[in-house]
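Quick note: the coordinates plus some simple rules give every number you see, no bench work behind them. Since the structure is predicted, the reported quantities are computational estimates derived from the model, not experimental observations. No Cβ is skipped: glycine too gets one built from the backbone with ideal geometry, and neighbour counts run over all protein chains shown.
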């Protein structure tokens, strides 16, 4: 029998000995929201699956749930949350790591503005 996404998240969290509170802190949700995710009363989106997979270092959560999961977006969200908590410049490092994805017009305006 195949596990539901809710069960997979709960098992991945418990196997890593992470509390709901800690997982919530890592991805920017409350403990109660994590509990609702695990119970199935809060919808699980590809963004949430990707964020949980990154926060728990559990790539197995991505398998079969979405073809093009937004893992990069989840990493940015996790880096942003980490920077909020520690002020260690995680977001700046993430910005340096990824290329500028603005359109040519957007890059031109940014260059013109300084």
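What FRET efficiency do you get for residue 2 and residue 47 if R0 is 22 Å and r is their Cβ-Cβ distance, rounded to the nearest 0.05? The formula returns an efficiency of 0.50 here. Calculated FRET efficiency, residue 57 to residue 21, Cβ-Cβ distance, R0 = 22 Å: about 0.75 to the nearest 0.05.
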